[in-house]
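A.B. asks: I'd like to ask some things about the structure below.
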Ligand SMILES: [Zn+2]
Ligand SMILES: [Zn+2]
């Protein structure tokens, strides 16, 4: 009889063990789970929602529309053109050719 009781006690403590283990596993998993914002159109993954929104607005699916006025350099970001002109065409006026606006002007 005493043996049986001891076994019962042992079983009880053992059944409590996996509970603790599973709890630590869950909390560790939630710590590892870094929020990611994958783009639905390409393979890009972003750590911030803002970056994904920026990507969707200016990069993904967008054709480069900002042109260097001095060469064929074309990019999706007007700031890239400004940096490009300063670096590649020093001494020239730094401005950006917006292809969309140019086409619109030529059309009217
Ligand atoms: Zn994308
Ligand atoms: Zn250029």
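The values are calculated or read from the model by the stated rules, or taken from the named source; none is laboratory data. Predicted model, so just to flag it, every value in this text is computed and none were measured. A quick note on method: Cβ atoms are made from the backbone with ideal geometry, for glycine too, and the neighbour counts reach across all protein chains shown.
A.B. asks: Has the range 84-97 got at least one residue that is touching a helix residue (DSSP H, G or I) at 6+ places or on another chain (Cβ under 6 Å) and modelled with pLDDT under 95?
C.D. replies: yes
A.B. asks: Right, next: Looking only at the range 53-74, how many residues end up being outside any loop (DSSP other than H, G, I, E, B) and more than 16 Å from ligand 1 (Cβ to nearest atom)? If you could, list the steps in order and put the result at the bottom.
C.D. replies: Applying the first criterion (outside any loop (DSSP other than H, G, I, E, B)) to the range 53-74 yields 53-59, 66-67, 74.
Among the residues that remain, those that are also more than 16 Å from ligand 1 (Cβ to nearest atom) are: 66-67, 74.
Total satisfying the criteria: 3.
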